[in-house]
Structures are given as structure tokens and as C-alpha cells.
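Visitor: Mind having a look at this structure? Questions to follow.
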Amino acid sequence: MIYHLLYPLHKYWIGFNVFRYITFRTAYAILTALLLALIFVPIFIQFLKGRGWAKTEKPYEPQTHNGKIGTPTMGGIPILISMIITVLLWCNLTNPFIWLLLLTAIMFGLIGFLDDYQKVKQGKGKGLTVKQKFGLQVLSAFLIAFLLIKGVGFSTKLYFPFFKKFTPDLGILYYFFIVLVIVGTSNAVNLTDGLDGLATGPLSISFGSYLLLAYMAGHIKMAKYLQIAHVPGAGEVVVFCGALLGACLGFLWYNAYPAEVFMGDVGSLSLGALLGTIAVIVKQEMLLLLIGGLFVIEAFSVIIQVAYFKITGGRRIFKMSPLHHHFELKGWSEPKIIVRFWIIGIILALTALSTLKLR
Ligand code: 57M
């Protein structure tokens with residue numbers, strides 16, 4: 001809104017020209033979303049507590065989690081509200097990528113809300129069935145892929161770090177690849193969200209990284225210099241990433257150990273799907289394996305554990321999966337696990353960004 005209201009006034013005063021600049025709008029998108037989340041999250045904590053929408057006991061959890069019973073969940077709702085208001089305020093709303101990302105947030109947020117709501121209403125922790133949840137995610141991701149490829153005329157070429165010339169055109173297979181990236185990232189973030197701030201921190205690092213990648217992809221000279229895909233219109237995704245970064249940091253203020261609120265599936269599924277969709281839009285899906293490396297490690301720890309458990313008839317590689325539970329059972333304190341995972345997330349993101357020069 002602000003962009004559409006104030007930028008046209010530059011005809012009367014050159015000062016309004018500043019609202020054209022992506023860097024300016026991104027800086028204020030981060031601050032706006034941060035401020036809104038700092039205001040909305042505590043209000044929601046009271047609302048959620050009033051309804052008893054909180055963590056219920058789960059028998060198979062590490063003992064340390066019993067102290068968390070009663071912590072309100074679904075904190076993803078104020079995250080999404082803060083982000084959406086900020087996007088509507090600071091983004092150029094004629095850009096189709098912005099509406100596509102808002103649709104992603106709403107579809108995956110609704111799936112997560114349905115799961116969370118059923119868990120808290122039934123009080124037995126039973127949300128949607130795995131089939132229901134997965135089916136809804138795949139359908140939503142296919143819709144995003146269709147709107148991208150057919151609606152925006154998006155390229156179906158796949159780009160790789162290090163290899164400039166190798167850009168295979170996946171054609172119709174790109175639909176399935178997009179679904180894999182979006183649904184895979186959404187569920188990987190969901191699994192990671194098992195300790196205070198353990199998902200929120202790396203999500204903030206990831207959105208910050210893709211903020212930079214979107215800027216480079218949307219800047220024709222910079223994309224050419226770095227020999228990465230130029231994606232016309234990706235510049236607005238920078239502002240969107242700023243809104244996500246600000247909202248996550250504002251939520252982290254309350255989700256930091258000891259957490260006053262959890263984001264719930266409404267947060268983890270939507271933020272994970274947004275990260276995957278942004279990676280697709282800026283044509284840096286393969287780099288997501290590094291930037292989102294923590295989410296990949298956590299998800300694979302479960303896959304390896306479940307596979308080994310089935311193959312060996314009940315033996316385990318980790319004391320418990322996802323990986324953060326393994327370290328809990330090894331006696332590491334929760335804050336130590338969380339901060340060490342954040343440090344690893346920062347190292348992975350910096351390594352990923354350094355590959356842009358190594359081509
Ligand atoms: C997603 N949810 C947290 C909170 C958060 C197939 C199997 C791998 C599925 C997997 C699973 O579905 N886990 C659920 C992780 C839960 O967090 C809620 O869920 C939202 C995110 N989805 O926002 O609302 C608990 O995590 C703790 N938490 C915090 N701070 C936070 O900021 O402390 C969350 C956020 C919360 C709270 O205690 O209640 C979760 O862990 O459930 N299942 C598993 O991951 C289980 N692993 C397992 O069974 N491993 C097996 C193998 C054979 C599959 C094994 O290794 O032997 C773990 N799930 C739970 N506890 N609950 C085991 C330990």
C-alpha cells in the first residue's frame with residue numbers, strides 16, 4: 001500500500017522516490033514485521049492460554065519436555081498476521097510472486113492450523129492423519145507449481161551451485177521437483193521445531209540468506225556477473241523475505257528458551273513451505289540443501305532412524321530422532337543444543353553464499 005500511495009508522489013517531491021528502492025522498503029519491512037510480532041505475539045499468548053490451546057503430555061518425549069506442558073502453541077498465527085500486514089504495506093502488489101507467496105502461506109498455514117486445532121481440541125495430541133496432512137500439502141504444492149509455470153511462465157530449468165553451464169530443463173518433471181522442494185522443506189522445518197527457538201533461529205538465518213539471493217537474482221547486472229539465473233520481478237521477493245525475517249525475529253523474542261509459546265504446525269508448515277517456494281522462485285533450490293542444511297539433517301535423522309529401526313527390527317542409530325532429541329538424551333542442556341544448532345546454521349548459510357563466487 002505505502003509503495004502504491006507514496007511513490008507516485010515523487011512527481012511533486014523527489015523525496016518520495018525513496019519508496020521505489022527495494023533496499024529501503026526491505027529495511028522497513030523487517031522493522032515493521034518485527035514490531036508487529038513483538039506486539040501481537042504476547043496478545044496471542046494470552047488468547048491461546050485463555051482457550052487452553054497449549055502443549056499436552058506426550059508419553060514418548062524426553063522427560064525434560066514435561067515442564068513444557070501448558071505452553072501455548074499456534075504462535076505461528078501472529079507470525080503470519082505480522083508478515084501479511086507488512087507485505088501488504090511495503091510490497092509492490094502488482095508483482096505476481098507476492099500473491100503466490102501469500103497463497104502458499106495461507107494454504108500451508110491452514111493445513112497446520114487444522115492439525116494443531118484437532119490436537120488441542122481433542123487433548124490427545126492426535127492431529128490430522130499423516131495421509132490427510134501429506135495429501136493436502138502435495139495438492140497445495142502442485143497448485144503453486146501450476147500457477148508458477150502456467151501462470152507466470154516460469155522457467156523449468158534447474159540451476160546448480162558451481163556449475164554455470166549445466167542447467168537441465170526438467171520440463172513437466174519440474175512440477176514434481178517443485179512439490180518435492182516445498183513439501184520436503186515444510187516437513188523438515190516441522191520436524192526441527194522440537195526445542196525452544198530451534199526452528200525459528202535457522203528460519204531467520206535462511207530467510208536472511210534468501211533475501212540476499214533474491215536481490216541478486218532480481219538484479220540483471222549482478223545475476224550476469226555472478227552467472228546465476230536472472231529472475232525478473234524477484235526483487236520484490238527481497239521485501240517479502242524481509243517481512244518473514246522480521247516476523248520470525250519478533251516471534252523468537254518469546255520463543256527463545258524458556259519458550260513462552262510454540263509456533264505450532266500452523267507456523268512450521270507455512271514457514272517451511274514459504275522457504276521452499278522462495279528457493280524455487282529465485283532458482284536456488286539446490287542451495288537450499290546447504291542454507292536449510294539443519295532442516296535437512298534433522299529430517300534425514302528421522303528417515304535413517306525409521307529405516308534402520310524397521311530393517312533391524314527395533315534397533316536405533318540415534319538415542320531418539322529427530323537429532324535434537326538424541327543430544328537431549330546424551331545429557332546436553334536444551335539451550336546448548338539450540339545455540340550450537342544456530343551456529344551450525346550460520347556456518348552453512350555463509351558457506352552456501354560463498355559458492356556464488358566459486359563457479
Ligand atoms: C513434530 N513437534 C514437536 C509444537 C511445535 C514419524 C515421526 C518422526 C514424526 C515425528 C513428529 O511428527 N513430530 C512432531 C515435532 C512438538 O512441537 C509441537 O509441534 C510444533 C511443530 N510441529 O510448534 O507445537 C514438541 O516439541 C517441543 N517444542 C519445544 N519448543 C518449541 O519451540 O520444546 C516445540 C517447539 C512440543 C515441545 O515439547 O510439544 C515434537 O517433538 O513432537 N515424531 C517425532 O519426532 C518423535 N520421534 C520419534 O518417534 N522417533 C522414533 C523414530 C523411530 C520415529 C525414535 O527415534 O525412536 C519425537 N516426537 C516427540 N517427542 N513429540 C520423539 C520425542
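The values are calculated or read from the model by the stated rules, or taken from the named source; none is laboratory data. Remember, it's a predicted structure, so these values are computed and weren't measured experimentally. Here Cβ is always computed from backbone atoms with ideal geometry, including for glycine, and neighbour counts include all displayed protein chains. SASA here: full protein model, heavy atoms, side chains in, ligands and nucleic acids out. Shrake-Rupley method; radii C 1.70, N 1.55, O 1.52, S 1.80 Å.
Visitor: Based on what the data block shows, is Leu288 closer than 30 Å to Leu102 by Cα, crowded, with 19+ Cβ neighbours inside 10 Å and away from the ligand (no atom under 14 Å from the Cβ)?
Guide: Details: closer than 30 Å to Leu102 by Cα: yes; crowded, with 19+ Cβ neighbours inside 10 Å: yes; away from the ligand (no atom under 14 Å from the Cβ): yes.
Here the answer is yes, as Leu288 does meet what is asked.
Visitor: One residue is enough: does the stretch 97-113 have a residue meeting the conditions touching a residue at least 40 places away in the same chain (Cβ under 8 Å) and either among the acidic types (Asp, Glu) or not in a helix (DSSP H, G or I) (or both)?
Guide: no
Visitor: Can you tell me which residues in the stretch 298-315 are more than 10 Å from the ligand (Cβ to nearest atom) and touching a residue at least 40 places away in the same chain (Cβ under 8 Å)?
Guide: none
Visitor: So if I check each of Asn66, Asn17, which one is surrounded by fewer than 19 Cβ atoms within 10 Å (Cβ to Cβ), closer than 27 Å to Leu195 by Cβ and either free of Cβ contacts under 8 Å to residues at least 24 places away in the same chain or within 16 Å of the ligand (Cβ to nearest atom) (or both)?
Guide: Asn66
Visitor: Could you look through the stretch 51-77, keep only residues that are under 15 Å from the mean Cα position of the chain (by Cα) and not in a loop (DSSP other than H, G, I, E, B), and pick out the one that is farthest from Phe262 (Cα to Cα)?
Guide: Among those that are under 15 Å from the mean Cα position of the chain (by Cα) and not in a loop (DSSP other than H, G, I, E, B), it is Ile77.
Visitor: Scanning the stretch 321-359 for residues that are assigned to a loop (DSSP other than H, G, I, E, B) and either within 19 Å of Gly67 (Cα to Cα) or hydroxyl-bearing (Ser, Thr, Tyr) (or both), which turns out nearest to the ligand (Cβ to nearest atom)?
Guide: Ser321
Visitor: Additional query: Can you confirm whether the stretch 103-125 contains a residue that is farther than 30 Å from Gly218 by Cα, of a type in the set (Phe, Trp, Tyr) and within 13 Å of the ligand (Cβ to nearest atom)?
Guide: Yes, the stretch 103-125 contains at least one residue that is farther than 30 Å from Gly218 by Cα, of a type in the set (Phe, Trp, Tyr) and within 13 Å of the ligand (Cβ to nearest atom).
Visitor: Let me ask another. Taking the condition crowded, with 19+ Cβ neighbours inside 10 Å and among the basic types (Lys, Arg), does Lys119 pass?
Guide: Considered against the rule, which asks whether it is crowded, with 19+ Cβ neighbours inside 10 Å and among the basic types (Lys, Arg), Lys119 comes out as yes.
Visitor: Take Ile45 and decide whether it is more than 30 Å from Pro232 (Cα to Cα), touching a residue at least 12 places away in the same chain (Cβ under 8 Å) and exposed (fewer than 15 other Cβ atoms within 10 Å of the Cβ).
Guide: Taking the combined requirement at face value, the residue does not satisfy it.
Visitor: Still on this structure, I have one more. Against the definition (at pLDDT 95 or above, over 19 Å from Leu80 (Cβ atoms), more than 9 Å from the ligand (Cβ to nearest atom) and part of a helix (DSSP H, G or I)), how does Ala273 come out, yes or no? Steps first, answer last, please.
Guide: Numbers: at pLDDT 95 or above: yes; over 19 Å from Leu80 (Cβ atoms): no; more than 9 Å from the ligand (Cβ to nearest atom): yes; part of a helix (DSSP H, G or I): yes.
No.
Visitor: Can Leu212 be described as within 16 Å of the ligand (Cβ to nearest atom), surrounded by fewer than 24 Cβ atoms within 10 Å (Cβ to Cβ) and in contact (Cβ under 8 Å) with a residue 40 or more places away in the chain?
Guide: No: the conditions fail for Leu212.
Visitor: Under the condition of being within 6 Å of the ligand (Cβ to nearest atom) and either aliphatic (A, V, I, L, M) or open to solvent by less than 10 Å² (accessible area, probe 1.4 Å) (or both), which residue from the stretch 252-263 is nearest to the chain's Cα centre (by Cα)? Outline the logic, then answer.
Guide: Within the stretch 252-263, the first condition is being within 6 Å of the ligand (Cβ to nearest atom), and the residues that meet it are 255, 259, 262-263.
Then drop every residue that is not either aliphatic (A, V, I, L, M) or open to solvent by less than 10 Å² (accessible area, probe 1.4 Å) (or both), which leaves 255, 259, 263.
Numbers: Asn255: 16, Ala259: 19, Met263: 12 Å.
Top of the filtered list is Met263.
Visitor: Report, by residue number, each residue of the stretch 236-251 that is out of contact with any Cys (no Cβ under 8 Å at 6 or more places or on another chain), away from the ligand (no atom under 16 Å from the Cβ) and open to solvent by 10 Å² or more (accessible area, probe 1.4 Å).
Guide: If the condition is that a residue be out of contact with any Cys (no Cβ under 8 Å at 6 or more places or on another chain), away from the ligand (no atom under 16 Å from the Cβ) and open to solvent by 10 Å² or more (accessible area, probe 1.4 Å), then Leu245 is the only one that fits.
Visitor: May I ask you to verify whether Phe318 is free of Cβ contacts under 8 Å to residues at least 24 places away in the same chain, open to solvent by 30 Å² or more (accessible area, probe 1.4 Å) and not in a helix (DSSP H, G or I)?
Guide: Against the criterion (free of Cβ contacts under 8 Å to residues at least 24 places away in the same chain, open to solvent by 30 Å² or more (accessible area, probe 1.4 Å) and not in a helix (DSSP H, G or I)), Phe318 qualifies.
Visitor: While we're here: Among the residues of the stretch 151-169, is any in a helix (DSSP H, G or I), surrounded by fewer than 16 Cβ atoms within 10 Å (Cβ to Cβ) and of a type outside the set (A, V, I, L, M)?
Guide: Step one: filter the stretch 151-169 for residues in a helix (DSSP H, G or I), giving 151.
Restricting the remaining residues to those that are surrounded by fewer than 16 Cβ atoms within 10 Å (Cβ to Cβ) gives 151.
After this cut, where a residue has to be of a type outside the set (A, V, I, L, M) as well, the list is 151.
Yes.
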